[in-house]
Amino acid sequence: MPEPEDPLPGRRRSRAPQKKKSKAKKALLWTGGTMAFVLVAATAAGYFYLKQLEGNVTTTDVGTAAKDGFSKDEAFNILIIGTDKRTGAGNESYGDAGSVGHADTTILLHVSKDRTNATALSIPRDLIVDVPDCPTVQEDGSEKTIAGTQGVRFNTSLGQDGRDPGCTMRTVKAVTGISPDHFMMADFNAVKTLTTAVGGVEVCVENAVNDKESKLKLPAGKSTVEGEQALAFVRTRHSFGNQGDLDRIKVQQQFLSSLMRKMASSDTLTNPAKLLKIANAATKALTVDTGLGKVSTLKDVALELKKVPTKNITFMTVPVIDTPGEAVRATVTVGPTAQSVFDAISNDVSFTAVKQQKAKEAAAVAARLKGTKSAASEVRVRILNGGAPAGSAQETLNYLQNDEGVSKSENAGNASAELAKTTLEYAPDQADQARRLAAIMGLSGSAMKPGKSVTNSQGLPTMTLTLGKDFKGAGVSLTASAKAPTVEGQSTADKVQCAS
């Protein structure tokens, strides 16, 4: 953890061994917190108990960084943050007692629109990033903008200079291009209380562990850990791999997978007393944005998460490379293959095998591109800006008219709402025109929206091209890959793995 006087906040410095322990936080909230809501909500009296639990949850107003409320009909992204703040009984003994609470463990959880899959993307605390300017809401309701910093460790996006979780959310968007909708955050106590409430979590190690610093002592093979031992397992730096943060992330992902399996086991599902204990522990360990603060909203999120099979939940880490020019391997930067991962998540592409039904649906969508295409001169389209950079509609109009011969086109200004992805709406009798324009623009079948035509400024029927946030410039293809890349070290939550 960088000290306040560090001239370059976020850079790793040599320090006493006990302070190295501060780097392994556990983000159990998704599996422990929201899953507990799932299980309790499934009982007859669940909702009323959840109302009682609402008083346990701490909320933080991060302004426009988070959405207001939750939609059941969309894909969603939740940023899970584990801090190194030493709040809670007994946690001051871990060193750095005055820590402001940096983003020590961070997972961007993406849940697909159809709930068939989810991706949990770990973001290394030692990743060098540019933290953007961050508007923060003060206690009196006023807003204060905290200046951004360049070339610092990702973990300083929280706590440093008074940054709140909204700053971490904004940093994630700046790095990945993916906007978190909400955040969930916990400290050391989340690991201890949740693992105790669930009755322990099974872990596996290839070799016996006796780490004097973290006080983790385990025999080779499988063991069940809870409380302090569970915290030691996810915090240890010196027992696995090359003793670095990336290897510890792998161990934490294995731990989360095991916890998820335990939460979904029949022993947990059929034990009402355990369910209530888990829910109570989870809510007390949980801090969320105000958009998730209502118990009804948390229940909705939990029930949507319940739909995702563990075999289709993929854990992975942002692909990184060592920071160029460093004599000692202390920090990392985003690797050249990371953008394909970010694109896949943005486009709601699964990293697990697509179900047969989903494959059929994809084939039907792709079929929209097949068939005859009208001449470019016969294409009639109006262009709206629905979230693309300013001037994009006019840029596209110029491109279509001057370079592609789509003379029957016009700039219709701004759309009524912003869209994440560019769409082309057309009537059935305009399918030939739509296929031609899709070929010119590089649109995928999913961007084509059969429906009704509208009239243009001359009163003639026309298609509507709405440029979304994915628009990259006139003439740049918008076709998204239908297949996710393979990421080194990725795993799924249904697989048992042993830490090595």
What does the extension gain come out to for SER407 and SER71, with contour length at 0.36 nm per residue minus their alpha carbon separation? 117.0 nm
Between ASP133 and ALA220, how many nm apart are label points set 7 Å from Cα along the C-beta direction? 5.8
Along the dipole axis of segment 398-500 (charges at Cβ: +1 for Lys and Arg, -1 for Asp and Glu; origin at the Cα centre), the most positive-end residue among CYS498, ASN398, ALA427 is CYS498
What distance in nm separates the simple spin-label points at ASN242 and LYS370, each placed 7 Å from Cα in the Cβ direction? 4.8
What shape does segment 233-331 take by its C-alpha gyration tensor, where a ≥ b ≥ c are the square roots of the eigenvalues and a/c under 1.5 counts as rounded, a/b above b/c as prolate, and the rest as oblate? prolate
Charges at C-beta only: +1 for Lys and Arg, -1 for Asp and Glu. How large is the resulting dipole of segment 61-219 about its Cα centre, in Debye rounded to 20? 340
Under 1.5 on a/c is rounded, so check that first for segment 218-273, then, if it is not, pick prolate when a/b is larger than b/c and oblate when it is not; a ≥ b ≥ c are the square roots of the alpha carbon gyration tensor eigenvalues. prolate
How much length would be gained if the chain were fully extended between VAL496 and LYS307, taking 0.36 nm per residue of separation minus their Cα-Cα distance, in nm to one decimal? 65.9 nm
Quick check: residue separation of LYS469 and ASP267 times 0.36 nm, minus the Cα distance between them. What number comes out in nm? 68.2 nm
Just to be sure I understand the model, the point goes 7 Å from the Cα along the line to the Cβ. What's the resulting SER142 to SER340 distance in nm? 5.0
Counting all C-alpha pairs of segment 106-255, share separated by more than 21 Å (%): 56
Among PRO485, MET463, ASN411, flag the residue with its Cα farthest along the positive direction of the charge dipole of segment 399-500, charges on Cβ as +1 for Lys/Arg and -1 for Asp/Glu. PRO485
Please give the net charge around LEU465, taking every other residue with its beta carbon less than 14 angstrom from that of LEU465, where Lys and Arg add +1 and Asp and Glu add -1. +2
Entries in LYS299/LYS421; LYS215/LYS294; LYS173/LYS250; LYS85/LYS274 that, when Cα-Cα distance is taken, lie over 32 Å: LYS215/LYS294
In debye, nearest 20, what is the charge dipole magnitude of segment 94-154 about its Cα centre with +1 on Lys and Arg Cβ and -1 on Asp and Glu Cβ, if you could check? 320
Förster radius 60 Å - calculated FRET efficiency between ASN56 and ASP429, Cβ distance, rounded to 0.05: 0.55
Just how far, in whole angstrom, is segment 181-204 from segment 265-329 if you go by their alpha carbon centroids? 9
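Computed from the coordinates by the stated procedures, all read-outs in this text should not be read as laboratory data. Quick caveat: nothing in here was measured; it's all calculated off a predicted structure. Here the Cβ is made from the backbone with ideal geometry for all residues, glycine too, and neighbour counts use every protein chain on show.
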